[in-house]
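The values are calculated or read from the model by the stated rules, or taken from the named source; none is laboratory data. Computed from a predicted model, the values in this text were never measured in an experiment. Here the Cβ positions follow ideal geometry from the backbone for every residue, glycine too, while neighbour counts run over all protein chains shown.
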Amino acid sequence: MMESSKNQIQTKISKSSFGEIFFLDDFVKYGSSENIRKVLSRLEQDGVVIRLAQGIYLKPKKDPLLGIIYPTTEEIAKQIVQRDKARIAPTGVMALFLLGLTTQIPLKAVYLTDGSQREIKIGKRSIKFKKTVPRSFAIKDGLLHLIVQAFKEVGQEGVTEDFLEKITSAIRRLESKVVDTQLRFAPVWIQKIIANLYKTNTYVD
């Protein structure tokens with residue numbers, strides 16, 4: 001049974017793309033959880049997969065100069081919620097990083113989610129999924145969400161001329177329809193700043 005499971009799991013992995021992420025659940029039809037873990041442990045020893053975290057594996061993609069190319073925290077987070085059929089939204093320093101407002105890659109990425117609350121350790125990095133209310137997903141546009149979260153991260157007192165100068169280019173990339181329909185879900189102080197920088201006062205109370 002163990003050898004059969006190994007062949008089936010190895011065949012599935014061999015047919016996948018390099019850089020693809022796998023979860024234990026992806027192999028559930030090939031045996032018990034214990035058998036699957038043992039098989040993946042063997043394949044890890046053989047260099048077929050790399051264990052990123054408990055129950056999460058990677059088919060390594062290798063570059064001649066850089067070596068193994070690991071997925072970003074964002075890519076791993078998206079894979080996890082896709083499997084769980086949940087929604088996520090980056091917050092804090094992760095939002096600043098994704099907007100290019102900081103070059104420092106956050107070691108701890110925090111995401112709001114309507115799925116399970118948990119924290120996953122991946123080497124020196126970690127991904128924290130923070131349970132939130134449905135209203136947190138009222139802003140459906142990804143760019144506007146990042147902009148609002150960036151303002152929340154620095155706080156009203158931390159909004160400097162330098163920060164505004166850097167975030168203006170992102171604000172101007174927003175579609176007018178998004179500003180029309182979704183800006184109202186942001187805190188009022190953020191609404192006012194974004195509306196002003198977007199050159200419209202239509203949505204400011």
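Among the residues of segment 147-161, some residue qualifies, meaning at least one is within 20 Å of Met94 (Cβ to Cβ) and assigned to a loop (DSSP other than H, G, I, E, B).
Quick grid of which residues meet (1) in contact with a Ser or Thr (Cβ under 7 Å, 6 or more places away or on another chain); (2) basic (Lys, Arg); (3) exposed (fewer than 15 other Cβ atoms within 10 Å of the Cβ); (4) farther than 19 Å from Ile76 by Cβ:
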| site | (1), (2), (3), (4) |
| --- | --- |
| Ile105 | no, no, yes, no |
| Arg118 | no, yes, yes, no |
| Val148 | no, no, no, yes |
| Gly155 | no, no, yes, yes |
| Gly158 | no, no, yes, yes |
| Glu165 | no, no, yes, yes |
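Given the structure, is Ala150 at pLDDT 95 or above and of a type in the set (Gly, Ala, Ser)? Spell out how you get there, then give the answer.
Values: at pLDDT 95 or above: yes; of a type in the set (Gly, Ala, Ser): yes.
Yes: the conditions hold for Ala150.
As for segment 102-114, it holds at least one residue that is within 20 Å of Ile194 (Cβ to Cβ) and either in the same structural domain as Lys192 (by TED's automatic domain parsing) or without any contact (Cβ under 8 Å) to a residue 40 or more places away in the chain (or both). Under the condition of being among the β-branched types (Val, Ile, Thr) and not in a strand (DSSP E or B), the residues counted in segment 85-120 number 5. Count of segment 122-131 residues, restricted to those that are at pLDDT 90 or above and more than 13 Å from the chain's Cα centre (by Cα), is 1. On the basis of being in a helix (DSSP H, G or I), touching a Pro at 6+ places or on another chain (Cβ under 7 Å) and of a type outside the set (Val, Ile, Thr), does Gln82 make the cut? Criteria not met by Gln82.
Whether a residue is loosely packed, with under 15 Cβ neighbours inside 10 Å and either within 24 Å of Ile105 (Cβ to Cβ) or not polar (S, T, N, Q) (or both) was assessed, and Lys62 passes this test. Based on this model, can you work out whether Leu40 counts as modelled with pLDDT of 90 or more, in contact with a Pro (Cβ under 8 Å, 6 or more places away or on another chain) and under 24 Å from Ile127 (Cα atoms)? So Leu40 fails the test.
Only one entry in Val110, Val49 is over 13 Å from the mean Cα position of the chain (by Cα) and modelled with pLDDT of 90 or more, namely Val49. Has segment 154-161 got any residue that is acidic (Asp, Glu) and farther than 30 Å from Asp84 by Cα? Within segment 154-161, one or more residues are acidic (Asp, Glu) and farther than 30 Å from Asp84 by Cα. Picking from residues in segment 20-38 that are in contact with a strand residue (DSSP E or B) (Cβ under 9 Å, 6 or more places away or on another chain), surrounded by fewer than 18 Cβ atoms within 10 Å (Cβ to Cβ) and of a type in the set (A, V, I, L, M, F, W, C), the one that is farthest from Ile68 (Cα to Cα) is Leu24. Of all residues in segment 175-205, those satisfying the criterion of being at pLDDT below 90 and either among the small types (Gly, Ala, Ser) or exposed (fewer than 13 other Cβ atoms within 10 Å of the Cβ) (or both) are Lys199, Asn201, Thr202, Asp205.
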